[in-house]
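Colleague: I'd like to ask some things about the structure below.
The values are calculated or read from the model by the stated rules, or taken from the named source; none is laboratory data. For clarity, every value in this text was computed on a predicted model and none was experimentally measured. All Cβ positions, glycine included, derive from the backbone under ideal geometry; neighbour counts span all protein chains shown. Side chains included, ligands, DNA and RNA excluded: accessible areas come from the protein's heavy atoms. Shrake-Rupley method; radii C 1.70, N 1.55, O 1.52, S 1.80 Å.
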Amino acid sequence: AKDQTNLNYYSTDFYNEAYLSFWTTLSPDAPHEHSEFIHFFLEKSLISNVNFKFLEAAAQAEGLVPPSLLDAEQQLIATLSDSKSKLLTMHRTKSDSLPIVKKQLLDIQEQIEDFKRDLSEDFPTYHNAKYNITPISLAETQQHLQTSNPSTAIISYFMDFGKLNASLITQDTAFFISKKLDFEIEQTLNEFRSAIVSVDDSDYLEASHKLYDFLLTDLLAPLSDNIDNLVIIPSSSLQLLPFEVLQKEKNAPYLCEQFGISYHYSASLFVQQSLAFRQKQSKGFVGFAPSFGAKTNRTDAVNTAKSTPLALLPGAKQEVTDLATLTSGEAILDEAASENTFKLMSKEAQIIHIATHAMINESDPETSYLQFTTSDEEDNRLHFFEIYDLKLEAELVTLSACNSGFGKIKKGEGVLSLSRAFAYTGVPSTVVSLWPASDKSTPALMRSFYQNLKEGYPKHIALNMARQSYLKSAKGKARHPFYWGGFVLMGDISPLSEKISFRLRLFNLSLLFSSTIFRNSVLPLT
């Protein structure tokens, strides 16, 4: 607690340990008197994971904090991290250089405290939002569920120190678990993904049953029959897992046949986003389908950041045309679908739909990009870092592109994917693909999804109904999850309505984390 700077920047491990400490004080038969504390520390770990990056992106996009200041802040953080690592190494080896490293650490801590003081004076909104993070309490979360989402359960996961920590929250239930990772979950997740992409039934089923049992069995057990929807808050590599396609056992229903499913960053952000003010925008649907070269399909598209010939996506063009007709929107096709046109046409759109190649660079995720029509004048690559600067008013962005939800996992930030980049701009909901999209099934799925949205269904229900509709008519190998399970919804679940366009900008985050009162417990840490 004395090292408040380190606590603020590198709190993930601390909050995870605090969660475990409080959890172990509970008896299964005793009242959960520490539930608020357990919820607090789990939420703190999740919010700390995403909040800093949201704030930096918002501050940069709005021009409220000079880029040079953000760069200086990042440099101080990197130096602090390096000093901490050196100190740990010196302690373990009992090095004679330990006093020198301690002195270096004290110096950098003093520099950071000076930096924070200057920040609080010159940029108080940014400072308060970054350093006064208080989650929405368990009681407030349950009250929100009771009032607005009574059939919804929130499941949060946090993996670290060889353990899985998780919570289940409904309007009248708070259930917590902590269990040892007794198998190589990363390997199992990789096997699961590989089996799906290769349309392999046997390997997929084995991994699916194993993951279902470990991740869901304990948490679903206390659910009442009135729970129809799950908001899943994953962490680490679980962000690359579509829970929808998991099965308890062979021939059992998929999870998406039992629940409507969506994903979010934390329970606090889910509640705050549900309460956010929205106002109607002038434009509706705008869809983009660039043209490239030789005919192929999205499944065969090369998804690397290397320079390779780009292939035509015939299914994408038809997909965007059909959706524009369905929604009475605009379809921007072929040569017209340039990066400049996208930036111009998407500014005030309610729904943005992009059907193109997604080029994912796992070694340097911020250079990943969406490809627009090639030209001699510009590269027409909308990079991860460029998306930060967009000022979008959209309620929903659909990235109908291969692996658009895939990316490098970075501790403290999660999966650095193209979908995350759009979230940083303030877009409350994104639909993304966790593996190569199929031209055979994607157009039908999207038509059904948008038709359901048009009829007023919540976004997660609209997407789930599209999956179920596909499964009802699909036969044989076409029923494999590869063809229908890759698209997931991240963020706000509310239906399209007269209230449009929530922007998760700096001011909103400041209000969330500085004005929320943790009413039921007085905590020593903020």
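Colleague: Could you give each residue of the stretch 467-476 its phi-based ³J(HN,Hα) in whole Hz, using Karplus coefficients 6.51, -1.76, 1.60 with θ = phi - 60°, and x for Gly or Pro?
Modeller: 4, 5, 5, 4, 5, 5, 9, 6, 10, x
Colleague: Mind giving me the nanometre distance, one decimal, between the label points for residue 172 and residue 321, set 7 Å out from Cα along Cα→Cβ?
Modeller: Calculated label separation equals 5.4 nm.
Colleague: Also, I was wondering about something else. Search the structure for amide H atoms under 5 Å from the amide H of residue 398, placed 1.01 Å from N in the peptide plane, and list their residues when 5 or more places away or on another chain.
Modeller: Those lying under 5 Å, H to H, from residue 398 are 352, 353, 354, 431.
Colleague: Which order, highest average first, do 344-352, 255-263 follow once you tally other Cβ atoms within 10 Å for each residue and take the mean per peptide?
Modeller: On the way: 344-352: 19.3, 255-263: 21.7.
Highest-to-lowest ranking by the protection proxy: 255-263, 344-352.
Colleague: Here's a follow-up. Once phi is turned into θ = phi - 60°, what whole-Hz ³J(HN,Hα) does the Karplus curve with 6.51, -1.76 and 1.60 give for every residue of the stretch 42-47, x standing for Gly and Pro?
Modeller: Running phi through 6.51 cos²θ - 1.76 cosθ + 1.60 with θ = phi - 60° gives 5, 5, 4, 5, 6, 5 Hz.
Colleague: Using only the alpha carbon atoms of the stretch 153-275, find the Kirkwood hydrodynamic radius as the inverse mean reciprocal pair distance, in angstroms to one decimal.
Modeller: After inverting the pairwise mean of 1/r, the radius is 15.1 Å.
Colleague: While we're on this one: Could you work out how much longer the chain between residue 91 and residue 340 gets when fully extended? Use 0.36 nm per residue separation minus the Cα distance between them, nm to one decimal.
Modeller: Working: separation 249, 0.36 × 249 = 89.64 nm, distance 5.41 nm.
Full extension of this stretch gives 84.2 nm more.
Colleague: Can you list the residues, at least 5 places off or on another chain, whose amide H is less than 5 Å from the amide H of residue 149, using H built in the peptide plane?
Modeller: none
Colleague: Here is a follow-up. Considering amide H positions built from the backbone, and no H for Pro or chain starts, which residues 5 or more places from residue 163, or on another chain, come under 5 Å of its amide H?
Modeller: 181
Colleague: Two decimals is fine: what is log10 I(q)/I(0) at q = 0.10, 0.16, 0.20 Å⁻¹ for the stretch 103-220, from a Debye sum with one equal scatterer on every Cα and no solvent?
Modeller: At q = 0.10, 0.16, 0.20 Å⁻¹ the computed log10 ratios are -0.61, -0.91, -1.03.
Colleague: Going by a ≥ b ≥ c, the root eigenvalues of the Cα gyration tensor, does the stretch 182-231 fall in the rounded group (a/c under 1.5), the prolate group (a/b larger than b/c) or the oblate group?
Modeller: Values: a/c = 2.90, a/b = 1.89, b/c = 1.53.
Judged from the Cα gyration tensor, the stretch 182-231 comes out prolate (a/c at least 1.5, a/b above b/c).
Colleague: At 7 Å along Cα-to-Cβ for each site, give me the label-to-label distance between residue 79 and residue 206 in nm.
Modeller: 5.2 nm
Colleague: When the accessible area of the stretch 190-238 is computed with all protein chains present and a 1.4 Å probe, what percentage of it is carbon and sulfur? List each step's numbers first, then the result.
Modeller: Numbers: 840 of 2010 Å².
Within the stretch 190-238, the accessible surface is 42 percent carbon and sulfur.
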